[in-house]
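These notes concern the structure reproduced below.
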Amino acid sequence: MTRWLDDEEQRTWRAFMAASQLVQEELDRQLQRDSGMPHAYYAMLVKLSEAPDRMMRMSELATELNSSQSRLSHAMKRLEERGWARREPCAADRRVSWAILTDEGLAALTAAAPGHVEAVRQALFDRLTPTQLRRLREICASLLPTSNPS
């Protein structure tokens, strides 16, 4: 039997979807306009910049970004074309490929970060009170898998 959403759940679901889409679109628009990259590429560069030696297994990067292997591979190709990242086979295991952030990629990320942070502030943080921010963080953390740090 289908558990249909009641009126309150429907309003909550629609508000959540609209707000999520609005924030994502604003961030993507800002990054495209100011840095020439979609938000997905920015997220990849961030993950690689935070990894030891600025490198991760492609499979781990896909997991971290909640991306499919094929989508990640396509995006990696675009990053490689820009000189922002490269792939290398693992010497110890031929089934593994490493994604590596290049110096040019780190420079692109460093240049994009100030505008992105300001866009995040305008799209989210400046619109909420400290209490709302705490509640939002708690709600989001409760939706994430327990292995994902909040």
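The values are calculated or read from the model by the stated rules, or taken from the named source; none is laboratory data. Since the structure is predicted, the reported quantities are computational estimates derived from the model, not experimental observations. Note: ideal-geometry Cβ built from the backbone for every residue, glycine included; neighbour counts use all protein chains shown.
One table, with the values for the structure above:
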quantity	calculated
Residue count, segment 1-42 (criterion: in contact (Cβ under 8 Å) with a residue 60 or more places away in the chain and of a type in the set (A, V, I, L, M, F, W, C))	5
Residue ID - surrounded by the most Cβ atoms within 10 Å (Cβ to Cβ), chosen from residues in segment 38-90 that are among the charged types (D, E, K, R) and under 22 Å from residue 25 (Cβ atoms)	47
Check on residue 25, over 27 Å from residue 145 (Cβ atoms) and surrounded by fewer than 15 Cβ atoms within 10 Å (Cβ to Cβ)	no
Top-ranked residue in segment 92-150 [being part of a loop (DSSP other than H, G, I, E, B) and of a type in the set (S, T, N, Q); ranked as surrounded by the fewest Cβ atoms within 10 Å (Cβ to Cβ)]	147
Selection within segment 68-91 - farther than 22 Å from residue 35 by Cα and either touching a Lys or Arg at 6+ places or on another chain (Cβ under 8 Å) or assigned to a loop (DSSP other than H, G, I, E, B) (or both)	68, 90, 91
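Per-residue answers, yes or no, for (1) modelled with pLDDT under 95; (2) touching an Asp or Glu at 6+ places or on another chain (Cβ under 7 Å); (3) under 30 Å from residue 107 (Cβ atoms); (4) in a helix (DSSP H, G or I):
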residue	(1), (2), (3), (4)
3	no, no, no, no
8	no, no, no, yes
13	no, no, no, yes
25	no, no, yes, yes
29	no, no, yes, yes
32	no, no, yes, yes
41	no, no, yes, yes
46	no, no, yes, yes
